[in-house]
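What follows is one structure encoded as structure tokens, with my remarks underneath.
Read-outs: derived from the displayed coordinates by stated rules, not from any lab. Quantities reported herein were computed from a predicted structural model and do not represent experimental measurements. We place every Cβ from the backbone using ideal geometry, glycine too, and count neighbours over all the protein chains shown.
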Amino acid sequence: MAPASRAALEMAEVVMAPPRHLALVADVLDPETPCIPWPVPFADGIPQLIALRGQRVAVLASGDPFWFGAGSVLARHLAPGEWQALPGPSAFSLAAARLGWALERTVCLGLHAAPLDRLRPHMANGERAIVLLTGGAAVEALGEWLTNRGFGLTTIHVMEALGGPRERFTTATADTVVGDDLETPLCVALEFRGTGEALTTASGRADDLFDHDGQITKRPVRALTLSALAPTPGAHLWDIGGGSGSVSVEWCLSHPRTRATTVERDSDRAERIRANARSFGVDNRMALVEADALTALHSPEMWEDLPQAVFIGGGLSADVLKILTARLTRGTRIVANAVTLESEMLLTDWHVRLGGDLMRIELAESRPLGTRHGWQAVRPIVQWSAVL
């Protein structure tokens, strides 16, 4: 234990920590110092901590509490100057040091409280990741999950209790790993190998990667739409008339901090949007509003988190455009796609009013024609994009 951490413990009037942490520092603590086991779930301990305000309280956590740890959560509930953090080496740093990996080129994820699907955008042959897991069953589940997606040859380095007296290191492949007798805390390092399909980093992923009922912005048009929406780090998208949610998913895949709010009135399509968000590992950054466009836009809650871009794929109407252009802030980007003559006329009118770019997208696909092939035109789309 670092001298500063030991001094903080010796000065503490109260100590809060998970039972295993309390056991590790039992020889450092004054026997008279009250110790409060941190409860599960984690959130239940926050009111207990706040109730101790005014006392010197030491809260123990593993490694660096501000990297997939408790630090940022607790800091939100405490006033500036009311707390001090004394971080130790994170599990990611310890794992990289054991393996000789460059941490800046390694994906680091906390999957101890998140679905395995968060790994999906990062899986490609030769890539590496270090993840936190909860126990042996989670390690086996990860191996099965990777195998089912064609990455069963992935090397899995399982590291138990890194940096402590119980540290243990074992290596297997995803299709052979077992979780018997593994003890927490667990850190798993992955070197992806297999025949599974890696997700392209370009906009316009294949349509068959999405669960849909035909109501989907098709791949070439989606690529053009994402280009017009121009996602930037941390930007928030409103996707009105989500359909399958493909535009929202691709928006979130463009950068780790982009977010999307998808509006969809059909309950079956809303469930598909949720499923697509989970399968691409972006469900934590996609919110879903089950309502028609006008109902959603008349909801005060919708306007509490303003977007930097809006896409109208379904639910396009003059009323929707009037609300958006009247209430959105200056600099917001709007992109709308039209497939009917009536909606095309509507976009042409708004292009005259506000300017921007008006584009007609006409595509043709190769189709069998007798014993040969010919071009079959798909329904043209008119796209209007403008910055308010």
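In terms of overall dimensions, the C-alpha atoms belonging to segment 91-191 reach 36, 31, 23 Å along their principal axes, ordered largest to smallest.
Summing Cβ point charges (Lys, Arg +1; Asp, Glu -1) relative to the Cα centre of the chain gives a dipole of roughly 1080 debye.
Once the Cβ-Cβ distance of residue 301 and residue 326 is raised to the sixth power relative to R0 = 22 Å, the FRET efficiency obtained is 0.75. Comparing 15, 221, 378 in a Gaussian network model of the chain where C-alpha atoms under 10 Å apart are linked, the largest mean-square fluctuation is found at 378.
Residues whose amide H comes within less than 5 Å of that of residue 86, counting only those at least five positions distant or on another chain, are absent (H built at 1.01 Å from N in the peptide plane). Couplings for segment 32-47, taken from phi via the Karplus curve 6.51 cos²θ - 1.76 cosθ + 1.60 with θ = phi - 60°, read 8, 6, x, 10, 10, x, 6, x, 10, x, 4, 4, 5, x, 5, x Hz in order; Gly and Pro are left as x.
As a proxy for reagent exposure, 160, 140 were ordered by neighbouring Cβ count within 10 angstrom, fewest first; the result is 140, 160. For the chain, set up a Gaussian network in which alpha carbons nearer than 10 Å are linked by springs, and say which option among 102, 223, 51 fluctuates the most. Between 102, 223, 51, it is 51 that shows the largest mean-square fluctuation.
Taking other Cβ atoms within 10 Å as a rough exposure proxy, 367, 265, 166 sort from fewest to most as 367, 166, 265. If you add up the charges near residue 94, with Lys and Arg at +1 and Asp and Glu at -1, over every other residue whose beta carbon is less than 14 angstrom from its beta carbon, what do you get? Cβ neighbours under 14 Å give a net charge of 0. Could you tell me the calculated FRET efficiency between residue 278 and residue 84, based on Cβ-Cβ distance and R0 = 35 angstrom, to the nearest 0.05? After rounding to 0.05, the efficiency reads 0.35. Ordered by the number of other Cβ atoms lying within 10 Å of each residue's own Cβ, fewest first, 322, 218 fall into the sequence 322, 218. Taking a point 7 Å out from the Cα of residue 10 in the direction of its Cβ, the residues of segment 38-58 whose backbone N falls within less than 20 Å of it are 56-58.
3J(HN,Hα) along segment 197-205, derived from phi through the Karplus expression 6.51 cos²θ - 1.76 cosθ + 1.60 where θ = phi - 60°, amounts to 7, 7, 6, 5, 8, 8, 5, x, 5 Hz, with x in place of Gly and Pro. Remark: segment 340-345, residue by residue, has Karplus-estimated 3J(HN,Hα) of 10, 4, 5, 6, 5, 5 Hz, where x stands for each Gly or Pro and the curve is 6.51 cos²θ - 1.76 cosθ + 1.60 at θ = phi - 60°.
For helix 267-279, what angle does its Cα long axis make with the longest principal axis of the chain, in degrees from 0 to 90 and rounded to 10? For helix 267-279, the angle is close to 50 degrees.
The calculated 222 nm mean residue ellipticity attributable to helices in the chain amounts to -8000 deg cm²/dmol, summing -39500 (n - 2.57) over DSSP H runs of n ≥ 4 and dividing by all residues. Segment 134-188 and segment 34-61 have their alpha-carbon centroids 31 Å apart. Taking a Cβ cut-off of under 11 Å around residue 147, the surrounding Lys, Arg, Asp and Glu residues balance to a net charge of -2, with basic ones at +1 and acidic ones at -1. Shape class for segment 207-387, computed from the alpha carbon gyration tensor (a ≥ b ≥ c): oblate, with a/c not under 1.5 and a/b at or below b/c. Of all the options 53, 193, 278, the one that moves most in a Gaussian network model of the chain with Cα springs shorter than 10 angstrom is 53. Computed from the Cβ-Cβ distance with R0 of 30 Å, the FRET efficiency linking residue 294 to residue 114 stands at 0.30.
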